[in-house]
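Structure, as structure tokens:
The values are calculated or read from the model by the stated rules, or taken from the named source; none is laboratory data. These figures come from a predicted structure and were not determined experimentally. In this analysis, Cβ positions are derived from the backbone assuming ideal geometry, glycine residues included, and neighbour counts consider all displayed protein chains.
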Amino acid sequence: MNPRQTAQAPAATGPAATTEGPTVPPAATASPAPTAAGTPAVPPRRPRRNDGGGLRDRRGPLASLGLHLGLIVAAVIAVFPPLWLVVTSFKPKTDAFTLDIVKNFTFENYKHVLADTHFLDWFGNSVVVVLGTTVLGVLISSTTGYALSRFRFPGMRPLMWTLLITQMFPMAVLIVPLYNLMATLGLLNQPVGLIVTYLTIAVPFCAWMMKGFFDTIPVSIDESGRVDGLTPFGTFWRLVMPLAKPGLAVTGFYTFVTAWAEVAYATAFMTGEENLTLAGGLQTFVNQYSADWGSMTAAAVIIAVPAALVFGFAQRYLVSGMTAGAVKS
């Protein structure tokens, strides 16, 4: 062998000989392994994910038409009752049962409800009852759910079963015993008595739901609060409650709807038109002796406005709060 060639051989294979550019990583330049025939093997294709796009591609025109027609029919069925309620509220009393949209547009129904009835008294009573029920319901439900989620104490299981069993009784069965209890305590025709009865409806369900929601919050947050010197209530109030906004929104909305739209207890425990709430006051427009559908629909539209505002405020928390509270404990 020529000595000149042997001297240049290491330089041809060493790192210093790469003068044409930077060294390319082996993974970037590696070619597929050759097959037995000598040709590179084609890498296997990744399976196509079934994400609905293929279903859309395979759906025929008739299936697509049927789907859209079904959605339109469902939307019409859902929108028609409240829409017809609004339309009827702007009709004269003589046109309440006509099929015309608005033949003789008028605000007389709203004027009559606001000026000639106890509607403002009903509204004030409802606001007091709703605020008391919502504030107390959220506070009691959240503290009860937190205690059931974080602590172990004697009687915990019976308490949980009690909260669950109370939801099995229909409201009509409880009217008579609750009425006797309210009469004994002197709470009939009192907003406080109505708040207490609404709490018996809202707290058991909301406490069970909040317990499931607090189970999703890591216990390490409570431990960090204790390390920083917080009391159990301080840990609950300052660390856990800010993380529980979705669950609190669902609890507040449920207690609000319970107190705002409940009729059975409101008419049984409150007598006299000036003491009624909005749900009970609606029944005064339609009874066995008369039927004022125009005034009733106008009052119903006014009552629906605050509920729609509360729902619009809380709706971004409702889905996450309900799904988080539905996990298995």
>> Taking the conditions exactly as written (within 21 Å of Gly137 (Cβ to Cβ), surrounded by 14 or more Cβ atoms within 10 Å (Cβ to Cβ) and at pLDDT 85 or above), does Leu194 satisfy them or not?
In response: yes
> When you go through Gly272, Gly280, Gly312 one by one, which is the residue that is on the phi > 0 side of the Ramachandran plot and either surrounded by 14 or more Cβ atoms within 10 Å (Cβ to Cβ) or of a type outside the set (A, V, I, L, M) (or both)?
Replying inline: Gly272
> Do we find that Glu273 is acidic (Asp, Glu) and within 24 Å of Leu309 (Cβ to Cβ) in this structure?
Replying inline: no
> Are any residues in the stretch 168-191 without any contact (Cβ under 8 Å) to a residue 40 or more places away in the chain and among the polar types (S, T, N, Q), and if so, which ones?
Replying inline: Asn180, Thr184, Gln190
> Given the residues Asn109, Asn125, Asn104, which is the only one that is within 17 Å of Tyr198 (Cβ to Cβ) and over 22 Å from the mean Cα position of the chain (by Cα)?
Replying inline: Asn125
>> Could you check the stretch 141-159 and list, in sequence order, the residues that are without any contact (Cβ under 8 Å) to a residue 24 or more places away in the chain and surrounded by fewer than 17 Cβ atoms within 10 Å (Cβ to Cβ)?
In response: Phe151, Arg152, Phe153, Pro154, Gly155, Met156, Arg157, Pro158, Leu159
>> Residue pairs, Cβ under 6 Å, 6 or more apart or interchain, first in the stretch 117-135 and polar (S, T, N, Q), second in a loop (DSSP other than H, G, I, E, B). List them.
In response: Asn125/Thr277; Ser126/Thr277
> Only one of Leu99, Leu62 is loosely packed, with under 10 Cβ neighbours inside 10 Å, of a type in the set (A, V, I, L, M), under 30 Å from Met296 (Cα atoms) and not assigned by TED's automatic domain parsing to the domain that holds Trp293; which?
Replying inline: Leu99
> Among the residues of the stretch 199-215, is there at least one that is surrounded by fewer than 17 Cβ atoms within 10 Å (Cβ to Cβ) and in contact with a helix residue (DSSP H, G or I) (Cβ under 6 Å, 6 or more places away or on another chain)?
Replying inline: no
>> Checking the structure you have, find out if any residue of the stretch 227-247 is among the hydrophobic types (A, V, I, L, M, F, W, C) and under 23 Å from Pro177 (Cβ atoms).
In response: no
> Does the stretch 246-264 contain at least one residue that is over 22 Å from the mean Cα position of the chain (by Cα) and in a helix (DSSP H, G or I)?
Replying inline: yes
